[in-house]
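Since the structure comes first, as structure tokens, the remarks are kept for the end.
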Amino acid sequence: MKSFFFSLLLGYTTLVRGEVGEADLLIVGGGESACAAAVQAARLGVKKIVLVNDIQWLGGQFSAEGVGCLDEWTTVAGRRVNFPRSGLFAEVVDQIRAHNSRVYGKASPGNAYCGTETIEPAAAAAIFEALVKPHIEAGVLRVERDREPIHVDVQRGHVTGVTFRHVFGEKPELQVKAQLTIDASDWGDVIRLSGAAYAAGPDLRSRFGEPSAPEVFDEAGRQEMNPISWCVVLREAGSDHTVSAPKTYGAHSFAALDKTPPWVDSDMSGGIYSMKGWSVYTHRRLVDRWHNGFAPGTEATFLNWPVQDYPVCQLPQQVTEALEQTEQGASKKNIVDLTPAQRRIIFADAKAHALGMLHHLQTQVHDRVGDFPHSFRYMKLTDEFGTEDRLPPKPYVREGLRLEALAMLSENDIRAASREPKWAKVLPEDSVLGFQFNIDFHPTRRKFLTEDRRGPWVYEQTPSRGWHTDTDRAVFPARGLVPIEFEGLLGAGKNIGVSSVVQSALRLHNQMMLVGQASGTLAWMALRDGQQPRELVGSLAKIHELQQILVRGHGGPGVLIWPWQDVSPDDLHFEAANLLAARRVWLPDADQVFFSPDKVMTRRDLAAVLTRLHRLTPSAKDWPAFDVLRYVDIAMSDPDRKYIESMVTWGQFGPQEERFHPEDQVNWETLHRWLTALRLPASPGLLDRDRKDFKLTRAEAVQHLWRALQLAGEVRDRSWFQPGHDSDGDGVADERDMLPQDRENDNLPDRMQPRK
């Protein structure tokens, strides 16, 4: 019998009955996170990867879910701007812009209210196919489609393989044995079937102490989640294409549309989220031929509006009855805990609800406003999905299963004190990606308009679970990918270590791609070293290696692991600015989110960062006494005093003047002299005759300091995170401590903290 990978090399698309596949890495799911994990692992050198998807299309939100307007905004100086792009997400955006340029002559043809970049679903699917194609052709990656997991093999707490059924029953079951499995599926079915710990639905306030969490469960109970939405993708038709009213249609369910502008004439020249561009139509417009002068018929938009959202609790009676026919009590389960077949019962009603919204727009709303340009009546459902109902093959999934991981990011860790995002309260040392988005719950509940639960309903928002609750710039820890108990298993996609509240802010296209890229990198390291992921994330040396691999990209743009707003993967200082910030050698300015590469360093700035860097090297000395002031121009309360005094105490600086002149600017020669005084490697180029008097910018400084640390070597604790221990003595066990080596919990590790 042919082996699995021999079949792969011959191009076989179907395994014979009874054959068992073997892989180094199994990835379950076909969304953007799964694809990113597969591509990253393949680029790094994993030889046998199997990706199993439950539908044909790859790309998740970009394609199969129909969310073709990329929501990636943040707020800077009161303006809505895009969060910095990095990693595989930046690579995909480049392909999106290139596609649009080829087809429309314009990289961003959408003029959408919610985002600057748009892509049509089939084009997005093709981009993801092209992303994985080289690795399929190389025989490294096999993609199996239309398969869903039905059993997970576990041996002594170790996931060893997954068995899949063919969705349409046309092929025999497929079992894949793997050294390591990543669950990047929509609902975390591998995690659930394995028996690993997870959560779904709201976390009670007693769990994390989150202000937005409920104190007790009510009628909605554990079923309440961010709703699903079945997106509706429309193209300009030029003639009446009104869809029939679904059986469940009731005009009262969509009454909110009767007071909402369905279309506005906006080219979004005011920028994204300009209220002059706010309407149902322009909200997530994909192609704006109206203002761009494109040919008739190219206009396209898609609908993702609150009245279209489908809460997965307080289900309509017909859905409840259908679920109960499959299993007693099924209608009370969280959607995560249902079988794929049971979920499809909910999906069918969600589709009908979405089509009901379209029907309402094409009839009552059209009758209200008349034949405005691009009336929904003259738009037709796209045929690019190849589905019978012309809807996307998947709903837009905002919240799924949440892995019980070695680190659990909560609302208290990322919540902002003001509307302007700055730096999160908790910034774990093992960051694998930076992010910022608001705590953003769409309506999680429904209200029936009569006592008949088969009748019309409207959405209802829980007061503490709403839109645009402010958060700060945060980082996601590597520990959040690793189950608290199981081996051989990693999370990706939305199946990661966060609370329900945080998941509402960590679910976008860019974030999910970077989560997948991080998981794929961690998987490669585990396979390369013959270690479990939990061992790797317990070693600070391995964490630093993981971060460096991510920042360097390996085949594509590097990943932004520290959320600077003005640092790009193309910058020469990208690696240094990320990795020194992650180590807390370089501390960001508290009042702004910019690295400010062209800003000139002052003596106080350089002394502080040099002192922290010195603490990481083999020649590091203990903190001196701080009982006597050394300089008359540095007050006892000066926040940098201890750094400055430590530096001159540790180094060979010679006789000291009574003044330090902390605000004076630094030149290249000063950096060379201070590095040398501390016995740290200094580049001879700093003393070039024509350059030594150059003022030292931050971009130059961070590159020289990163070089010095790499050449000097870095002393790292063998273990910085030990479950069952309290490494920093702050009274919190490591497995519950987001900052396990930071007794003060001020985002400055103890080894970098001058003694008091």
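The values are calculated or read from the model by the stated rules, or taken from the named source; none is laboratory data. Since the model is a prediction, treat every value here as computed from it, not as a measurement. Reconstructed Cβ throughout: ideal geometry from the backbone, glycine too, with neighbour counts over all protein chains shown.
Brief remarks follow.
- With respect to the conditions (1) farther than 26 Å from VAL132 by Cβ; (2) surrounded by fewer than 24 Cβ atoms within 10 Å (Cβ to Cβ); (3) assigned by TED's automatic domain parsing to the domain that holds GLN61; (4) not acidic (Asp, Glu), SER504 falls short on a single one, namely (2).
- Residue in region 308-327 that is in contact (Cβ under 8 Å) with a residue 12 or more places away in the chain and under 20 Å from THR242 (Cα atoms) present: yes
- Verdict on GLY516 being within 20 Å of ILE182 (Cβ to Cβ) and either among the charged types (D, E, K, R) or part of a helix (DSSP H, G or I) (or both): yes
- Residue in region 416-423 that is of a type outside the set (Lys, Arg), surrounded by fewer than 24 Cβ atoms within 10 Å (Cβ to Cβ) and at pLDDT 95 or above present: yes
- Region 133-166, residues that are of a type in the set (Val, Ile, Thr) and part of a strand (DSSP E or B): VAL143, ILE150, VAL152, VAL154, VAL159, THR160, VAL162, THR163
- Residue selected from region 210-260 under the condition over 29 Å from the mean Cα position of the chain (by Cα) and without any contact (Cβ under 8 Å) to a residue 12 or more places away in the chain, by the criterion nearest to ASP440 (Cα to Cα): ASP218
- Boolean, HIS360 is at positive phi and either surrounded by 17 or more Cβ atoms within 10 Å (Cβ to Cβ) or aliphatic (A, V, I, L, M) (or both): no
- Within region 35-66, the set of residues being farther than 25 Å from THR118 by Cα and out of contact with any strand residue (DSSP E or B) (no Cβ under 7 Å at 6 or more places or on another chain) comprises ARG43, LEU44, GLY45.
- Test: residue in region 130-141 that is buried (at least 21 other Cβ atoms within 10 Å of the Cβ) and out of contact with any strand residue (DSSP E or B) (no Cβ under 8 Å at 6 or more places or on another chain): yes
- Only one of the numbered conditions (1) touching a His at 6+ places or on another chain (Cβ under 6 Å); (2) farther than 30 Å from TYR273 by Cα; (3) buried (at least 18 other Cβ atoms within 10 Å of the Cβ) is not met by LEU449, and that is (3).
- Sole exception among (1) more than 30 Å from LEU401 (Cα to Cα); (2) modelled with pLDDT of 95 or more; (3) among the charged types (D, E, K, R) for ASP265, by number: (2)
- For region 479-499, the count of residues that are within 13 Å of the chain's Cα centre (by Cα) and of a type in the set (Ser, Thr, Tyr) is zero.
- Hits in region 200-221 - residues which are in contact with a strand residue (DSSP E or B) (Cβ under 9 Å, 6 or more places away or on another chain), surrounded by fewer than 20 Cβ atoms within 10 Å (Cβ to Cβ) and modelled with pLDDT of 95 or more: ARG207
- Residue in region 718-735 that is surrounded by the most Cβ atoms within 10 Å (Cβ to Cβ), counting only those that are in contact (Cβ under 8 Å) with a residue 24 or more places away in the chain and of a type outside the set (Gly, Ala, Ser): PHE721
- Residue match in region 699-717 (condition: surrounded by fewer than 21 Cβ atoms within 10 Å (Cβ to Cβ), in contact with a Phe, Trp or Tyr (Cβ under 8 Å, 6 or more places away or on another chain) and farther than 22 Å from PHE595 by Cβ): no
- Qualifying residue in region 240-254 (condition: in contact with a strand residue (DSSP E or B) (Cβ under 9 Å, 6 or more places away or on another chain) and surrounded by 23 or more Cβ atoms within 10 Å (Cβ to Cβ)): yes
- Within region 360-379, residues that are closer than 17 Å to SER266 by Cβ sit with their Cβ atoms under 8 Å from residues that are at pLDDT below 95 and among the small types (Gly, Ala, Ser), at 6+ positions apart or across chains, in these pairs: VAL369/SER375.
- Test: GLY651 is surrounded by 15 or more Cβ atoms within 10 Å (Cβ to Cβ) and of a type outside the set (Ser, Thr, Tyr): yes
- The residues of region 590-611 that are in contact with a Phe, Trp or Tyr (Cβ under 9 Å, 6 or more places away or on another chain) and farther than 17 Å from ARG673 by Cα, listed by number, are ALA590, VAL593, PHE594, PHE595.
- If you go through region 286-310 and pick out every residue that is surrounded by 16 or more Cβ atoms within 10 Å (Cβ to Cβ), out of contact with any Ser or Thr (no Cβ under 6 Å at 6 or more places or on another chain) and assigned to a loop (DSSP other than H, G, I, E, B), you end up with 5.
- Test: ILE543 is touching a Phe, Trp or Tyr at 6+ places or on another chain (Cβ under 9 Å), surrounded by 24 or more Cβ atoms within 10 Å (Cβ to Cβ), assigned to a loop (DSSP other than H, G, I, E, B) and in the same structural domain as GLU411 (by TED's automatic domain parsing): no
- In this structure, GLY491 does satisfy being more than 14 Å from GLN547 (Cα to Cα), surrounded by 24 or more Cβ atoms within 10 Å (Cβ to Cβ) and not hydroxyl-bearing (Ser, Thr, Tyr).
- Flag if SER101 is surrounded by fewer than 18 Cβ atoms within 10 Å (Cβ to Cβ), small (Gly, Ala, Ser), modelled with pLDDT of 95 or more and within 25 Å of HIS291 (Cβ to Cβ): yes
- Close pairs (6 angstrom Cβ cut-off, 6 or more residues apart or separate chains): surrounded by 13 or more Cβ atoms within 10 Å (Cβ to Cβ) in region 630-643, among the aliphatic types (A, V, I, L, M) anywhere: ASP640/ALA608; ARG641/ILE634; TYR643/ALA607; TYR643/ALA608
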